[in-house]
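Following: one structure in structure tokens, then a few remarks.
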Amino acid sequence: MTAMVLCNIPDDLSDQRPQAISLSPKSTQTPTNYICIEDLRLRRRQLLDGTQQDLASRKGYVNFTVCTTPIYSDFYKPHHIVNFIEVNRILGAQKFIFYIDIDTNVLIKHCLESYTQLGIVEVNQFTPLILESLHYHGQIISISECAYRTMYKTKYLINIDLDEVIVPKDANNWSQMIENIQINAKAGEHIAAYIFQNQFFPYQEVHDSAFADDTLVRKYAITTLLQTLKENYLYDYEIRSKVLACPDKILMWHVHSILKENLVNKKDAICKVNNKHAVLHHYRYWTTSTNMTRERRMHSFASEIIQNIHFGMGRCIPLF
């Protein structure tokens, strides 16, 4: 079970900055632990006091941040990390937040450290004390934590898995994509969240002949260039979909959706993005009874993808 606990600041402390909080079953019980508080009011005040030009130059503030689901054990390899980071950087990601378990493969840790030194990756230790009844190794917890961690530090936040990419169809990056979506929005509508439909690109399908014999593409297993056969089925919104949203406008973040009641301002809108603008590409082993068609949208970024992943792997594992 995962829960969010909302606490009002007592009236006699409203003008003071809280330092720590503790959860106890009874108000009369002596606290057994204290959790330090990050006062988001200070971040918000700085954000509201600054101009857009100030924000662009302010250290630590970015337009797009990507959070991942918790990484544990040795399921992923370094090339998965590099592929994920470099492809998303091309589309607009400026910051990445990773959550790793204590038993995560040491090569993954070294790889993430190399990106941490560049200032674009933040790694957080994430080892749930109790895994029973926790969805996907604590995914909901990490999503909520990341939303509040990045609040007032990023304009947009994306929560996706390592095998997923939000791919613009009528733009070359996420910024242009959002502009195109907003052009078609209702007059005066303020969009707090964007939901993208899921489409599978099965791993087991034959590699695209355009890159099947490319040495670097095969060496680094660049999925976005090799796996271009897609299932001819787009999942309904909120089923396997993923979300891009403004974290300061969301109270609670769900895995596949944002609910209207979870918006800070109920007048804000949740946009179900038309697939002519963008789709969530999901690369994984997947059996399907539907027809398959080939889509080479990611080939538009091929030269940049190959070059960036090549340099990324060299930085991550010099002897690879």
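Looking at 110, 79, can you tell me which residue is in contact with a Cys (Cβ under 9 Å, 6 or more places away or on another chain), open to solvent by 90 Å² or more (accessible area, probe 1.4 Å) and at pLDDT 90 or above?
Answer to the check: 110.
Yes or no: the stretch 201-222 includes at least one residue that is crowded, with 19+ Cβ neighbours inside 10 Å, in contact with a Ser or Thr (Cβ under 8 Å, 6 or more places away or on another chain) and more than 17 Å from residue 83 (Cβ to Cβ).
No, the conditions are met nowhere in the stretch 201-222.
Can we say residue 238 is among the acidic types (Asp, Glu) and farther than 15 Å from residue 91 by Cβ?
Against the criterion (among the acidic types (Asp, Glu) and farther than 15 Å from residue 91 by Cβ), residue 238 qualifies.
Mind checking whether some residue in the stretch 255-277 is in a strand (DSSP E or B) and open to solvent by 70 Å² or more (accessible area, probe 1.4 Å)?
Yes - at least one qualifying residue is present in the stretch 255-277.
How many residues are closer than 10 Å to residue 67 by Cα, aliphatic (A, V, I, L, M) and in a loop (DSSP other than H, G, I, E, B) if we restrict to the stretch 144-162?
So the answer is 1.
Kindly list the number of the only condition in (1) farther than 24 Å from residue 219 by Cβ; (2) at pLDDT 95 or above that fails for residue 54.
For residue 54, the exception is condition (2).
Can you give me the ranges of the helices (runs of 4 or more DSSP H) entirely in the stretch 164-243 with at least 1 residues that are closer than 24 Å to residue 256 by Cα?
Per the criteria, 174-183, 223-226.
Go through (1) of a type in the set (S, T, N, Q); (2) over 21 Å from residue 299 (Cβ atoms); (3) at pLDDT 95 or above one by one and return the number of the condition residue 257 breaks.
The one condition residue 257 does not meet is (3).
The values are calculated or read from the model by the stated rules, or taken from the named source; none is laboratory data. Just so you know, these numbers come straight off a predicted model, no measurement behind them. Note: ideal-geometry Cβ built from the backbone for every residue, glycine included; neighbour counts use all protein chains shown. These area figures cover heavy atoms from the full protein model, side chains too; ligands, DNA and RNA do not enter into them. Shrake-Rupley method; radii C 1.70, N 1.55, O 1.52, S 1.80 Å.
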